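Visitor: Encoded as structure tokens, here's the structure I'll be asking about.
The values are calculated or read from the model by the stated rules, or taken from the named source; none is laboratory data. Source: prediction; values computed, not measured. Cβ coordinates were reconstructed from backbone atoms using ideal geometry, including for glycine residues, and neighbour counts include every protein chain displayed.
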Amino acid sequence: MRMIVCIKQVPAAASASIDPLTKTIVRTGQKAVTNPFDLHALQLALDLRQQTGGTITGITMGLPAAAAALRDGISRGMDGGVLLSDRTFAGADTLATSYALSRGIEKLGGADLILCGRMATDGDTAQIGPELAQQLGLPHVSDVCQVLEIAEDHLVVRRVWDELEQVLHLPLPAVITVVKSSRTPALPTLSGMLRAKDAVIPVWTAADVGADPERCGLRGSPTQVVRTFAPQARRQAQVLGGDVGTQAQALAQLCREVLREQD
Ligand code: FAD
């Protein structure tokens, strides 16, 4: 089975900050890690490879430094990885990101199964997996926690969604997004780290993957970030008295006041 895992490099949670002038996430000079959900997607791919054989290739779009996330994946068992990096990709929203990734995946020759993390811990939209499936014209299931059955032409997957659980039959090729599971992601091994150090990571530009520049980066992004800010934490406790009806009315009044303040 040919598998491709989408891997994103994100700021380590403790050190993420927002530039007060540009209002964007500061990425330069920040400690970066592999998106934790992507490690769970990779672990699932490793488990499937153990059952069926095959290959796992990582793909990421980002700055040249994002190659480190691919090397991290290789040190944990991935066979190889490609980096999409080009000024044309800069300023991409999720639509432009999924378009670029879809072009990269097509240049890789496609796959039987494409795995994404459920969401990235910085952008947090959880849109890339479903958008990627749409761009590639493939079926997809989000929030997969387990693969119950694997065959040449289909998977049976278990998906969790709040209190809901579903078991779904998914024809291949397909895209899935993976939630954090009880399975601890594999740690890098010594031999993996040596392979990762020597691995050649191809860097592909928009032209290399035949991407239309009009659909890439800022130009290809229909959404614009108006403002990014860290919400100011406010704590103000108020104990509501009276019977349940009185408390409910007082609570509703408080909610109205908070909403008015936010308008
Ligand atoms: P999610 O949808 O939450 O991620 C789900 C999964 O998709 C991940 O677990 C991973 O498996 C995969 N995935 C997500 N992103 C990637 C990736 N890049 N490579 C491989 N796999 C991936 N970001 C910048 O760094 N620079 C910018 O200039 C910039 N400009 C932006 C401008 C706009 C208008 C907007 C809306 C966003 C911008 N972003 C920018 C953020 C960028 O759009 C997101 O980082 C990206 O689209 C992924 O979205 P997400 O983080 O919500 O991923």
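Visitor: Take segment 166-185 and flag every residue that is under 22 Å from Pro36 (Cβ atoms) and either at pLDDT 95 or above or not polar (S, T, N, Q) (or both).
Guide: Val175, Ile176, Thr177, Val178, Val179, Lys180, Arg183, Pro185
Visitor: Please give the number of the condition Leu115 fails out of (1) closer than 25 Å to Asp79 by Cα; (2) within 8 Å of the ligand (Cβ to nearest atom); (3) assigned to a helix (DSSP H, G or I).
Guide: So the condition that Leu115 fails would be (3).
Visitor: Which members of segment 211-263 meet the condition of being assigned to a helix (DSSP H, G or I) and within 30 Å of Ala100 (Cα to Cα)?
Guide: Answer for segment 211-263, where residues must be assigned to a helix (DSSP H, G or I) and within 30 Å of Ala100 (Cα to Cα): Pro213, Glu214, Arg215, Leu218, Arg219, Gly220.
Visitor: Anything in segment 58-80 that is within 10 Å of the ligand (Cβ to nearest atom) and not in a helix (DSSP H, G or I)? List them, or say none.
Guide: Gly58, Ile59, Thr60, Met61, Gly62, Leu63
Visitor: Also, quick follow-up: Out of all the residues in segment 129-148, is one or more in contact (Cβ under 8 Å) with a residue 40 or more places away in the chain, away from the ligand (no atom under 16 Å from the Cβ), assigned to a strand (DSSP E or B) and touching a strand residue (DSSP E or B) at 6+ places or on another chain (Cβ under 9 Å)?
Guide: Yes, segment 129-148 contains a residue that is in contact (Cβ under 8 Å) with a residue 40 or more places away in the chain, away from the ligand (no atom under 16 Å from the Cβ), assigned to a strand (DSSP E or B) and touching a strand residue (DSSP E or B) at 6+ places or on another chain (Cβ under 9 Å).
A quick yes/no check of all residues on (1) of a type in the set (D, E, K, R); (2) closer than 30 Å to Phe229 by Cβ; (3) surrounded by fewer than 22 Cβ atoms within 10 Å (Cβ to Cβ); (4) more than 18 Å from the chain's Cα centre (by Cα):
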| position | (1), (2), (3), (4) |
| --- | --- |
| Thr97 | no, yes, no, no |
| Val147 | no, no, yes, yes |
| Glu152 | yes, no, yes, yes |
| Trp161 | no, yes, yes, no |
| Ser181 | no, no, yes, no |
| Pro185 | no, no, yes, no |
| Leu190 | no, no, yes, yes |
| Met193 | no, no, yes, yes |
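Visitor: Just checking, which of Ala207, Ala211, Ala196 is among the small types (Gly, Ala, Ser), at pLDDT 95 or above, within 15 Å of the ligand (Cβ to nearest atom) and farther than 30 Å from Gln166 by Cα?
Guide: Ala211
Visitor: Could you give me the residue pairs with C-beta distances under 9 Å whose first residue belongs to segment 64-84 and is closer than 18 Å to Lys107 by Cα, whose second residue is of a type in the set (Phe, Trp, Tyr) wherever it lies, and which are 6+ apart or on separate chains?
Guide: The qualifying pairs are Val82/Trp204; Leu83/Trp204; Leu84/Trp204.
Visitor: Residues of segment 215-243 being surrounded by 10 or more Cβ atoms within 10 Å (Cβ to Cβ) and either within 16 Å of the ligand (Cβ to nearest atom) or within 14 Å of Asp86 (Cα to Cα) (or both), which ones?
Guide: Matches in segment 215-243: Arg215, Cys216, Gly217, Leu218, Arg219, Gly220, Ser221, Thr223, Val225, Thr228.
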